[in-house]
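Below is one structure, written out as structure tokens; comments come after it.
The values are calculated or read from the model by the stated rules, or taken from the named source; none is laboratory data. Because the structure is a prediction, the values reported are computed rather than measured. Note that each Cβ is placed from the backbone with ideal geometry, even for glycine, and that neighbours are counted across all protein chains shown.
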Protein chains: 2
Amino acid sequence: MQSHSLGGGSLLLAWQLKNKHVLIVGGGDVASSRIESVLVADARITIICPNTGLHPLTKRFINSPYLITHHDRLFGGADDLHGVDMVLTAIDDVEQSRIICSLCRERKIPVNVADIPESCDFYFGSQIRDGPLQIMISTNGQSPKLANIIRKKIENNLPKHAGEAIEKVGQLRSQLKDRAPGVGGEVGKRRMRWMIDVCTSWEMAELAKLDNAMMKRLLDDGWEKNTVPSPEEVGGRRERYVLGTRSSTTPSLATIILPVLAFAAGAASATAVFISRHHNH
Amino acid sequence: MQSHSLGGGSLLLAWQLKNKHVLIVGGGDVASSRIESVLVADARITIICPNTGLHPLTKRFINSPYLITHHDRLFGGADDLHGVDMVLTAIDDVEQSRIICSLCRERKIPVNVADIPESCDFYFGSQIRDGPLQIMISTNGQSPKLANIIRKKIENNLPKHAGEAIEKVGQLRSQLKDRAPGVGGEVGKRRMRWMIDVCTSWEMAELAKLDNAMMKRLLDDGWEKNTVPSPEEVGGRRERYVLGTRSSTTPSLATIILPVLAFAAGAASATAVFISRHHNH
């Protein structure tokens with residue numbers, strides 16, 4: 001906790017945009033990547049950009065079934081900010097960008113102006129997505145290229161099925177909450193401890209294979225008896241011990257002999273990543 | 001771009017807090033981790049919490065040289081939000097939390113209420129920091145424990161010296177901008193291309209060793225002649241070819257024979273990570 005050990009960074013956040021309205025000024029390459037990032041968070045989008053400035057990908061988004069409104073014109077002033085929760089601009093006109101930024105700041109609307117860091121309340125970073133799993137890599141503007149290189153390395157080394165495992169654990173947690181409801185208190189603590197025990201005693205690949213029947217048995221035989229059964233005890237398969245019967249498509253000696261090597265070994269197999277684009281401010 | 005392939009996630013951001021004022025209501029364990037996250041981004045902090053509720057770590061922060069103001073009392077209402085840019089609450093009183101949340105929303109102040117997702121404009125995730133490099137892992141609230149497990153795996157597999165490499169590349173980029181100034185246009189594009197060439201032709205460990213003399217030679221002999229000299233051509237050492245003279249403390253055969261294995265090999269060596277705490281909403 002020395003005074004030089006912190007500082008100089010950003011506050012990394014997972015911003016919530018469900019039912020929120022995001023205005024994107026501009027429709028080029030950068031704007032199209034903004035659209036994608038914002039759609040991931042289920043935002044309603046308005047794009048202001050003359051038709052002539054639309055990138056092919058932006059056009060595809062506008063013509064998609066997503067909730068996107070497009071105005072074929074330039075930014076028209078303060079009226080365009082009415083009811084807007086966030087503004088992202090990606091236009092070449094630096095002066096206009098600065099005007100939009102000050103209009104936003106007067107109205108306390110969070111704003112990002114591409115390529116003008118001082119006009120940004122927040123930056124974008126390199127991102128990875130695998131279902132409910134999202135990872136952002138930021139170099140705090142020092143090197144977008146190295147961010148990108150690191151992103152690829154992380155992507156190649158992500159545990160297989162990480163996204164599926166998280167999804168299943170989320171479902172299990174929600175079923176557990178139905179069975180043992182209540183916010184905080186003793187039951188909340190016991191729920192948390194048991195979920196941690198499940199996550200640490202099962203492999204990621206085993207968690208990913210949880211189905212409804214297995215979840216029910218896990219809750220009946222595990223939660224109710226305050227223990228964590230193994231995957232095979234609830235009808236699944238123990239990934240790391242059962243050589244030959246492993247259902248994974250990439251059996252690897254390392255994952256059987258030395259579980260600690262599993263992550264490095266995973267680098268050799270493809271990882272399902274839905275979105276992996278480089279986003280920069 | 002199918003309608004079911006996106007959505008369900010968050011917008012991951014690197015929020016800027018330099019010269020901003022963050023109010024933290026509460027002083028317990030969660031609050032102390034919030035203080036740390038916010039100090040990373042150079043915010044000015046006010047903590048409102050009775051002395052009796054302060055976690056030892058919170059006390060240490062309050063007594064540190066950081067810009068932290070502490071009020072030994074409970075939240076006092078709207079007046080406490082005057083001039084505040086962001087609010088984080090971590091108190092046990094659910095009703096009070098909801099009141100603070102609505103006061104913030106009326107004033108368009110971004111707010112995070114620990115443990116009440118619907119009262120959060122944003123969530124926290126598991127984080128890694130290595131100098132200018134920051135990485136966030138979010139499971140969108142599905143499984144904080146798996147986020148933590150994935151964070152540790154990423155941390156153990158991060159290229160050694162990644163943070164230092166980013167720092168040096170940032171310095172090189174800034175020296176290049178002094179030498180060839182101008183926003184956007186042809187020179188901007190040429191700068192970007194050359195920086196990408198440097199980042200892709202030098203190893204991370206080589207970039208990390210750049211000093212001022214090497215940077216000058218790299219710019220004189222590289223940028224000016226539109227080429228990228230090797231590390232030894234500017235007075236450094238080629239990490240992957242020079243067996244025996246490598247100055248790295250962990251020479252590894254894999255990095256000499258198969259550069260593609262370098263990342264996996266890096267997993268075996270400790271990585272300098274300054275902050276690696278688990279933050280949850």
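Here are the numbers:
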item	result
Hits in the stretch A:100-136 - residues which are within 27 Å of residue B:188 (Cα to Cα) and among the polar types (S, T, N, Q)	A:102, A:112, A:119, A:126, A:127
Options B:54, B:11, B:6: the member that is touching a helix residue (DSSP H, G or I) at 6+ places or on another chain (Cβ under 7 Å) and either surrounded by fewer than 23 Cβ atoms within 10 Å (Cβ to Cβ) or in the same structural domain as residue B:139 (by the TED database) (or both)	B:6
Set A:32, A:10, A:64: member being farther than 25 Å from residue B:133 by Cα, out of contact with any Asp or Glu (no Cβ under 8 Å at 6 or more places or on another chain) and in contact (Cβ under 8 Å) with a residue 24 or more places away in the chain	A:32
Given (1) at pLDDT 95 or above; (2) at the interface with another protein chain (Cβ under 9 Å from one of its Cβ atoms), number of the condition residue A:210 does not satisfy	(2)
Filter result for residue B:142 (at the interface with another protein chain (Cβ under 8 Å from one of its Cβ atoms), touching a strand residue (DSSP E or B) at 6+ places or on another chain (Cβ under 8 Å), of a type in the set (S, T, N, Q) and on the phi < 0 side of the Ramachandran plot)	no
Test: residue in the stretch A:62-84 that is touching a helix residue (DSSP H, G or I) at 6+ places or on another chain (Cβ under 8 Å), among the β-branched types (Val, Ile, Thr), facing chain B (nearest Cβ under 9 Å) and surrounded by 14 or more Cβ atoms within 10 Å (Cβ to Cβ)	no
Condition met for residue A:151 (farther than 24 Å from residue B:111 by Cα, modelled with pLDDT of 95 or more, more than 7 Å from chain B (Cβ to nearest Cβ) and touching a strand residue (DSSP E or B) at 6+ places or on another chain (Cβ under 7 Å))	yes
Residues that are within 8 Å of another protein chain (Cβ to nearest Cβ) and assigned to a loop (DSSP other than H, G, I, E, B), drawn from the stretch A:108-130	A:108, A:109, A:110, A:115, A:120, A:121, A:124, A:125
Search result, residues across the stretch A:110-133 that are surrounded by fewer than 24 Cβ atoms within 10 Å (Cβ to Cβ) and among the acidic types (Asp, Glu)	A:115, A:118, A:121
Index of the failed condition, residue A:36 passing every other in (1) outside the structural domain of residue A:101 (by the TED database); (2) within 20 Å of residue A:112 (Cβ to Cβ)	(1)
Among residues of the stretch A:138-162, those that are closer than 21 Å to residue B:8 by Cβ and not in a helix (DSSP H, G or I), counted	4
Those residues of the stretch B:85-102 which are under 30 Å from the mean Cα position of the chain (by Cα), more than 14 Å from chain A (Cβ to nearest Cβ) and not polar (S, T, N, Q), in sequence order	B:100
Residue A:43 being away from every other protein chain (no Cβ under 11 Å), within 28 Å of the chain's Cα centre (by Cα) and buried (at least 19 other Cβ atoms within 10 Å of the Cβ)	no
Residue that is surrounded by the fewest Cβ atoms within 10 Å (Cβ to Cβ) [pool: residues in the stretch A:153-179 that are in contact (Cβ under 8 Å) with a residue 60 or more places away in the chain and closer than 30 Å to residue B:171 by Cβ]	A:156
Test result for residue B:57, within 12 Å of chain A (Cβ to nearest Cβ) and closer than 20 Å to residue B:122 by Cβ	no
Boolean, residue A:196 is farther than 30 Å from residue A:85 by Cβ, surrounded by fewer than 18 Cβ atoms within 10 Å (Cβ to Cβ) and under 22 Å from the mean Cα position of the chain (by Cα)	yes
